[in-house]
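Novice: Would you mind keeping the following structure in view while I ask a few things?
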Amino acid sequence: MALAPKFDAAQVEEKWYAYWQENAYFSSTPDDREPYTIVIPPPNVTGVLHMGHMLNNSLQDILIRRARMRGYNACWVPGTDHASIATEAKVVAKLKAQGIDKSTLSREEFLKEAWQWTEEYGGVILQQLKKLGCSCDWDRTKFTLDEDMYASVIKVFVDLYNKGLIYRGYRMVNWDPEAQTTLSDEEVIFVEKPGFLYHIAYQVEGSNEQVIIATTRPETLLGDTAVCIHPEDERYHHLKGKNVIVPIANRSIPIIEDAYVDREFGTGCLKVTPAHDINDKTLGEKHQLEVIDIFNADATLNHHGLHYEGQDRFVVRKAIAKELEALGVLVKKEPYQHNVGTSERTKAVIEPRLSDQWFLKMEQLAEPARKAVLETAEVDLVPSKFNNTYRHWMENIRDWNISRQLWWGQQIPAYYFGQGKEDFVVAETKEEALDLARKKTNDPSLSMKDLRQDEDVLDTWFSSWLWPISVFDGIRFPENKEIEYYYPTQDLVTGPDILFFWVARMIISGYEYRDKQPFSKVYLTGLVRDKQGRKMSKQLGNSPDALQLIEDYGADAVRVGLMLSAAAGNDLLFDESLCQQGKNFANKIWNAYRLIDGWEVDENASFNKQNEEALNWYENRFYATLESIDDHFSKYRISDAMMAVYKLLWDDFCSWLLEAIKPAYGSPIDRTSLNRIQSLFELNLKIMHPFMPFLTEELWQHLSPRSAQEALIVSSWPEARSYDAIALENFERATKIVSGVRNFRKERQLSPKEALPLYLVAQPDHVNYQGLIEKMAGISQMNWVEESPNQSGASFRVGALECFIPLEGAIDTKAEKAKIEEELKYAKGFLQSVRKKLENERFVSNAPEKVIAMERKKEADALEKISLLEKSLAAL
């Protein structure tokens with residue numbers, strides 16, 4: 001079939017993705033080859049494709065496609081995360097829209113709804129990744145709540161509990177009142193917000209004296225159980241042992257002393273609310289204070305909130321300030337900027353809350369993972385600037401709160417058989433739990449109905465931290481063929497925002513359960529921002545529809561657009577014009593092939609020297625660029641590799657090689673030239689394929705009939721080869737001569753068809769590619785002279801080589817003279833400014849040698865230019 005006049009991305013994408021899947025090119029099973037494995041960062045099952053996913057998965061696909069071409073057994077494992085908080089929130093919202101409250105459902109009924117929702121809407125994102133061209137092994141698709149994945153998580157919990165690393169504790173936790181669950185410290189984001197500092201008067205009992213307390217949260221005074229002063233604060237010595245009355249609540253609470261109080265903050269008096277502040281809790285335990293929790297799970301006030309019961313905390317804050325003012329005890333209210341803990345998921349303001357939770361001891365577990373990155377480099381973070389972030393997390397690690405007050409997720413395998421704090425056992429199954437409970441109680445009469453499983457589920461990260469092991473079933477069957485072959489994986493591509501949440505924890509679990517790192521390299525992408533540098537978000541309306549971009553420009557063009565601005569670890573400033581640039585590039589390559597495909601062949605025509613020189617040059621240029629591309633890949637400079645491919649194809653292949661060898665209009669080409677340029681074009685397609693898989697497969701299949709085993713996706717990546725650097729230098733000089741002549745024509749508005757003579761002040765053997773220069777610059781005759789001809793003309797230099805074009809009859813001499821005089825004036829002014837610098841002793845003595853050398857070169861170049869311009873002027 002003839003190639004279509006225009007590249008139809010949509011038609012080509014659908015055709016070749018189906019072909020790749022039909023021929024199982026993405027599938028991988030253990031064999032004798034060396035594996036190259038990537039596990040996808042599992043997107044939320046609720047998710048849809050956004051720009052961050054596009055960047056991340058384009059990078060992964062580029063790496064996996066190149067590895068496949070390099071002969072590795074490439075395995076890219078896809079999957080999704082059950083995302084406890086996000087998914088449960090969506091299901092709750094759906095039920096609410098139907099007039100159903102979650103609290104009216106049993107756990108089983110709710111989970112049935114959640115699974116229905118997941119089956120209906122979940123996994124959409126994986127289908128969308130196919131549109132991008134992602135070559136995942138779809139037969140391996142995993143979900144963190146799959147039966148085997150679920151069992152792996154439960155097995156790990158039981159194992160860590162039995163090792164004494166998991167414990168249950170009554171602790172102050174981060175409570176998300178919107179999701180109504182606890183969060184780990186890492187899931188709390190501190191945001192600077194404007195608020196107020198309220199100065200409230202507390203009456204000293206049995207006295208007219210008042211103490212002033214400063215707080216940002218006046219509503220919590222209803223939970224106050226003490227006022228604390230510094231033991232060395234002379235202002236309050238006389239209050240030792242006395243009580244104060246809590247405004248509104250009218251409760252009497254003690255004044256206690258503790259060096260914890262900051263005498264400089266506010267008034268130096270601190271209200272102590274043990275139920276609602278981590279530091280107050282510590283003070284409360286130390287001084288054996290009463291604990292009064294004033295909040296419900298949704299952050300409305302409970303019965304301790306008195307007449308504010310049932311109202312939201314922020315509504316109460318305003319109302320209580322008004323009541324305090326009416327009582328005459330609100331001394332003042334002043335604006336105050338402070339950091340407020342917010343939920344990373346729901347953005348709700350976090351409420352410190354006392355609660356029984358499950359924790360994992362991290363210090364001992366984390367040590368091998370700390371060493372792997374910071375000492376032995378078994379895991380390499382790219383770029384390495386993130387080592388400091390990693391160090392900070394790992395050296396300040398705290399116990400991980402792993403329980404969540406949700407129903408969607410892996411239910412904690414703790415089974416209670418009584419009311420006591422220790423009346424529970426931990427087991428993988430209820431049957432094992434019953435056996436353990438009977439032994440623990442020495443009561444063989446215990447039955448299944450006596451056991452009650454913990455209601456909470458595990459933190460979503462507690463399943464995804466096992467991802468590189470559990471996708472190969474390496475937790476349940478640690479010696480199975482797959483885990484032994486594919487683990488450790490090679491590269492992980494993810495965002496720095498989950499460096500601790502996910503990456504560090506995977507490294508921790510890798511050493512705990514495989515005694516090996518889970519991957520060797522972690523390629524950390526930047527955030528995708530708009531061209532103004534703002535983070536993309538729905539609220540700002542600056543996040544383009546990812547699928548619409550593919551529809552408008554084509555998947556290859558979008559991939560190129562992303563790569564052209566995606567240096568590792570640096571934020572990507574995305575501009576839709578980059579996709580247009582990618583589309584233009586795809587069209588350029590398409591049209592380049594159409595040009596070649598349209599040439600007629602004269603089987604009797606001889607292979608001329610000019611074509612041979614050009615083809616030899618491009619072959620050298622290709623292998624020089626390949627060396628650079630391979631080097632970029634080895635250093636994970638994927639964007640630089642893409643740019644090298646782009647320049648090679650656009651500049652060297654299309655602008656120079658095709659122009660150099662294309663036959664005159666209507667004339668045929670010789671067979672040798674056509675065969676060689678087709679072979680070179682095949683090489684081009686190979687290095688383009690990881691970046692632009694659809695376009696390249698289409699052209700590859702057009703070049704020659706191919707069997708399924710000869711598809712581009714499974715062809716061999718070009719092998720590095722030596723190249724002639726001197727030939728490249730010589731061609732570079734030839735292109736500069738051509739460009740010089742073209743600029744001369746452009747400036748003087750001369751037709752490209754008008755042949756011009758060219759004089760070169762050099763020996764004939766000092767300039768190569770004479771035939772190419774004559775053809776591409778439109779030169780009637782090249783003349784070799786010892787000095788510029790003494791006639792009207794224009795000169796330009798290419799390095800040390802002087803080139804001269806006679807002007808007689810070709811131009812307006814008067815206008816040319818004025819132009820040269822203007823250039824001369826500028827050159828002399830420039831020379832003067834450079835010399836001024838070099839004559840400045842202070843500059844010369846302080847500036848680095850490199851800078852001075854640069855200035856001296858500018859001086860020499862300016863002198864040379866002035867000499868040339870003066871010669872041209874004299875000739876006129």
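The values are calculated or read from the model by the stated rules, or taken from the named source; none is laboratory data. Just so you know, these numbers come straight off a predicted model, no measurement behind them. Note that we place each Cβ from the backbone using ideal geometry, even for glycine, and neighbour counts take in every protein chain shown. Surface accessibility is based on the protein's heavy atoms, side chains included, excluding ligands, DNA and RNA. Shrake-Rupley method; radii C 1.70, N 1.55, O 1.52, S 1.80 Å.
Novice: Work out the charge dipole of the chain with +1 on the Cβ of Lys and Arg and -1 on the Cβ of Asp and Glu about the Cα centre, then indicate which of Leu657, Leu270, Ile294 is farthest towards its positive end.
Specialist: Leu657
Novice: Per-residue ellipticity at 222 nm for the chain, helices alone: DSSP H runs ≥ 4 residues times -39500 (n - 2.57), over residue total, nearest 500 deg cm²/dmol?
Specialist: -13500 deg cm²/dmol
Novice: To the nearest 10 Å², what's Met536's accessible area with a 1.4 Å probe?
Specialist: 30 Å²
Novice: Residue by residue through segment 85-95, which ³J(HN,Hα) values in whole Hz follow from phi under the Karplus form 6.51 cos²θ - 1.76 cosθ + 1.60 (θ = phi - 60°), with glycine and proline marked x?
Specialist: Karplus values, whole Hz, x for Gly and Pro: 5, 5, 5, 4, 4, 5, 5, 4, 5, 5, 5.
Novice: Still on this structure: Taking only Cα atoms of segment 348-486, what ratio of Rg to Rh do you get with Rh as the Kirkwood inverse-distance radius?
Specialist: 1.06
Novice: Using the Cα centre of the chain as the reference point, and only Cβ charges (+1 on K/R, -1 on D/E), how large is the resulting charge dipole? Debye, rounded to the nearest 20. Write out the running numbers ahead of the final one.
Specialist: Values: 104 positive and 132 negative charges, 383 e Å.
Roughly 1840 debye for the chain.
Novice: What does the extension gain come out to for Glu822 and Glu484, with contour length at 0.36 nm per residue minus their alpha carbon separation? The partial results should precede the final answer.
Specialist: Working: separation 338, 0.36 × 338 = 121.68 nm, distance 7.41 nm.
So the chain would gain 114.3 nm between Glu822 and Glu484.
Novice: As an exercise, use a Förster radius of 56 Å and the Cβ-Cβ distance of Asp515 and Arg263 to find the FRET efficiency, rounded to the nearest 0.05.
Specialist: Step by step, r from the Cβ atoms, then E = 0.60.
Novice: With everything on Cα atoms, drop me the angle between helix 725-748 and the longest principal axis of the chain, reported from 0 to 90° to the nearest 10.
Specialist: It is inclined by approximately 80 degrees.
Novice: With the full set of protein chains in place, find how many percent of the accessible area of the chain is carbon and sulfur; take the probe as 1.4 Å.
Specialist: 47 percent
Novice: Would you mind working out the accessible area per residue for segment 34-166, using a 1.4 Å probe, and quoting it in Å²? Each step should come with its number before you reach the end.
Specialist: On the way: 4840 Å² over 133 residues.
Ligands and nucleic acids excluded, the result is 36 Å² per residue.
Novice: Follow-up question, since we're still on this one. Between (i) 253; (ii) 216; (iii) 227, which matches volume of the Cα convex hull per residue in Å³ calculated for the structure shown?
Specialist: Answer by label: (i).
Novice: Need one number: nm distance between label points at Lys857 and Arg748, each 7 Å from Cα along Cα→Cβ, rounded to one decimal.
Specialist: My value for the distance between the label points is 3.1 nm.
Novice: Which GluC sites (Glu not before Pro) in segment 418-452 pass both tests, a DSSP loop state and at most 11 other beta-carbon atoms within 10 Å?
Specialist: Passing both the DSSP loop test and the Cβ count: Glu422.
Novice: Could you tell me the accessible area of Ser716 in Å² (1.4 Å probe, neighbours in place), rounded to the nearest ten?
Specialist: 70 Å²
Novice: Could you point to the residue in Ala777, Ser679, Phe585 farthest towards the positive end of the chain's charge dipole, with +1 and -1 charges on the Cβ of Lys/Arg and Asp/Glu respectively?
Specialist: Ranked along the dipole, the leading option is Ala777.
Novice: Which number comes out as Rg/Rh for segment 692-753 once both Rg and the Kirkwood Rh are worked out on C-alpha atoms?
Specialist: When Rh is taken as the Kirkwood radius, the ratio is 1.27.
Novice: With a 1.4 Å probe and every protein chain left in place, work out the accessible area per residue of segment 181-307 in Å², rounded to a whole number.
Specialist: Result: 44 Å² per residue.
Novice: In degrees, nearest 10, range 0 to 90: what is the angle between the Cα axis of helix 609-634 and the longest Cα principal axis of the chain?
Specialist: Compared with the principal axis, the helix lies near 20 degrees.
Novice: Between segment 635-691 and segment 160-223, what's the alpha-carbon centroid distance in Å?
Specialist: 65 Å
Novice: Now for a different question. At 1.4 Å probe size, with every protein chain present, just tell me what the per residue accessible area of segment 772-823 comes to in Å².
Specialist: Spelled out: the 1.4 Å probe surface of segment 772-823, per residue, equals 51 Å².
Novice: How long are the three semi-axes of the equivalent ellipsoid of segment 43-128, in whole Å, if each is the root of 5 times an eigenvalue of the C-alpha gyration tensor, listed from largest down?
Specialist: Three semi-axes, in Å: 36, 13, 8.
Novice: For Lys836, list the lysines whose Cα falls under 19 Å from its own Cα; do not include residues on the same chain fewer than 8 positions away.
Specialist: Correct list for Lys836: Lys825, Lys828, Lys850, Lys857, Lys858, Lys865.
Novice: Return the Rg/Rh value of segment 429-479, two decimal places, where both radii are evaluated on C-alpha atoms and Rh is the Kirkwood radius.
Specialist: Here the Rg-to-Rh quotient is 1.16.
Novice: Sticking with this one: In sequence order, what are the phi-derived ³J(HN,Hα) couplings for segment 15-21 according to the Karplus relation 6.51 cos²θ - 1.76 cosθ + 1.60 with θ = phi - 60°, rounded to whole Hz, with x for glycine and proline?
Specialist: 4, 7, 5, 4, 5, 4, 5
Novice: What is the dipole size for segment 724-797, taken about its Cα centre, with +1 at each Lys and Arg Cβ and -1 at each Asp and Glu Cβ, in debye to the nearest 20?
Specialist: Computed charge dipole of segment 724-797: roughly 440 debye.
Novice: Given the protein chains as shown and a 1.4 Å probe, how many square angstrom of His307 are accessible, to the nearest 10?
Specialist: Roll a 1.4 Å probe over it and His307 shows about 110 Å².
Novice: Pairwise over distinct Cα atoms, reciprocal of the mean inverse distance: report the Kirkwood radius of segment 738-876 in Å, one decimal place.
Specialist: 16.7 Å
Novice: Also, quick follow-up: Amide H neighbours of Asp456 under 5 Å, at least 5 residues apart or on other chains, H built in the peptide plane: list them.
Specialist: Sorted by chain and number, the residues that satisfy this are Ile412.
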